[in-house]
1. State all residues of the range 72-92 that are touching a Phe, Trp or Tyr at 6+ places or on another chain (Cβ under 9 Å) and either free of Cβ contacts under 8 Å to residues at least 12 places away in the same chain or closer than 21 Å to Asn35 by Cβ (or both); if no residue qualifies, say none.
2. Just wondering, is there one or more residues in the range 170-178 that are basic (Lys, Arg) and within 21 Å of the chain's Cα centre (by Cα)?
3. Would you confirm, using the coordinates I've provided, whether Lys112 is at pLDDT below 90, of a type in the set (Lys, Arg) and on the phi < 0 side of the Ramachandran plot?
4. Working only within the range 221-249, note down all residues that are among the small types (Gly, Ala, Ser) and either crowded, with 20+ Cβ neighbours inside 10 Å or within 19 Å of Val160 (Cα to Cα) (or both).
5. From the list Thr3, Thr9, Thr31, Thr62, which residue is surrounded by fewer than 17 Cβ atoms within 10 Å (Cβ to Cβ), in contact with a His (Cβ under 8 Å, 6 or more places away or on another chain) and at pLDDT below 85?
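The values are calculated or read from the model by the stated rules, or taken from the named source; none is laboratory data. The shown structure was predicted, so the numbers you read here are calculated from the model rather than taken from an experiment. Here Cβ is always computed from backbone atoms with ideal geometry, including for glycine, and neighbour counts include all displayed protein chains.
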Amino acid sequence: MVTTDPQSTPDSIEWIPLAAIHTDHRVNTRTYDPNWVEKKLKEGFDPNKIGVPIVSDRGNDTYVWIDGQNRGELMRRAGWGDQKIQCRVFRSLTEAQEAELFLGHNDNRQVKPLFKFLARVTAGDPDAVAINRIVEGHGWKIEERSSGKSITAVVSLDKVYQSDKQADGSPGRALELTLRVVTEAWGYKSEAVDGRILAGIGAIFNRFGDSVDRAALVKKLAEYPAGASGVLGKARGMQQFQGGTVVHCVAEVIVTAYNARRRTNVLPDWR
């Protein structure tokens with residue numbers, strides 16, 4: 001993790017050409033919100049309500065948004081693309097420091113967990129970097145696009161990883177096993193990495209550890225009717241009748257399936 005505090009880096013208020021400010025999605029990991037921009041355009045563009053966006057000066061008259069890209073897009077759409085705007089400018093920041101600054105200025109805002117997580121990776125947060133390394137090691141990629149080999153369920157990834165850190169064994173082992181199992185059982189399908197599926201299987205590995213026969217678990221999951229979607233559907237139905245969270249019901253459904261017709265090394269009932 002970067003130890004230099006971006007807030008201690010000298011900054012100033014300056015007039016910057018809007019056309020010179022760009023978005024680096026490794027730092028400002030969000031995409032701009034077109035619905036917000038359209039809403040503000042319909043309400044009537046008022047430059048007095050723009051405030052002071054925050055940018056990082058990367059030299060050669062190039063700047064990147066730290067906070068304010070939605071407002072920047074609004075100004076462009078309103079015909080201000082050739083104007084200078086007043087900005088709070090930071091200089092001499094590393095990319096990691098820019099990401100930390102983005103996180104700091106968006107800590108209490110409605111920024112999707114996915115975008116905050118990606119900024120943590122850029123900032124060098126050890127846990128986020130470790131999680132990302134495990135994910136990519138299994139052929140997946142943490143990104144907004146929810147198809148193919150993409151994973152968006154960063155809250156569940158982080159939960160499995162953090163729970164494992166508090167238990168015995170190597171940090172990340174439960175997450176490693178979870179991703180290996182879902183990939184081997186169901187392949188690169190979005191339903192295989194639904195957050196509730198990941199959290200449920202992660203909870204099984206965190207509770208039972210080496211008592212779980214991974215190969216047998218993969219086989220049972222691969223044979224489960226309708227795959228990951230079938231497991232999730234069964235868990236939802238179980239929650240309605242028995243209560244608890246969907247995640248724990250996922251774990252219960254999987255443990256029950258794992259134990260079926262198994263005579264040795266049966267796992268204890270989940271509840």
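1. Those that are touching a Phe, Trp or Tyr at 6+ places or on another chain (Cβ under 9 Å) and either free of Cβ contacts under 8 Å to residues at least 12 places away in the same chain or closer than 21 Å to Asn35 by Cβ (or both): Gly72, Glu73, Leu74, Met75, Arg77, Ala78, Gly79, Trp80.
2. Pass one, the range 170-178, residues basic (Lys, Arg): 173.
Those left that are additionally within 21 Å of the chain's Cα centre (by Cα): 173.
Yes, the conditions are met somewhere in the range 170-178.
3. For Lys112, the condition - at pLDDT below 90, of a type in the set (Lys, Arg) and on the phi < 0 side of the Ramachandran plot - is met.
4. If the condition is that a residue be among the small types (Gly, Ala, Ser) and either crowded, with 20+ Cβ neighbours inside 10 Å or within 19 Å of Val160 (Cα to Cα) (or both), then Ala228, Ala235, Gly244 are the ones that fit.
5. Thr31
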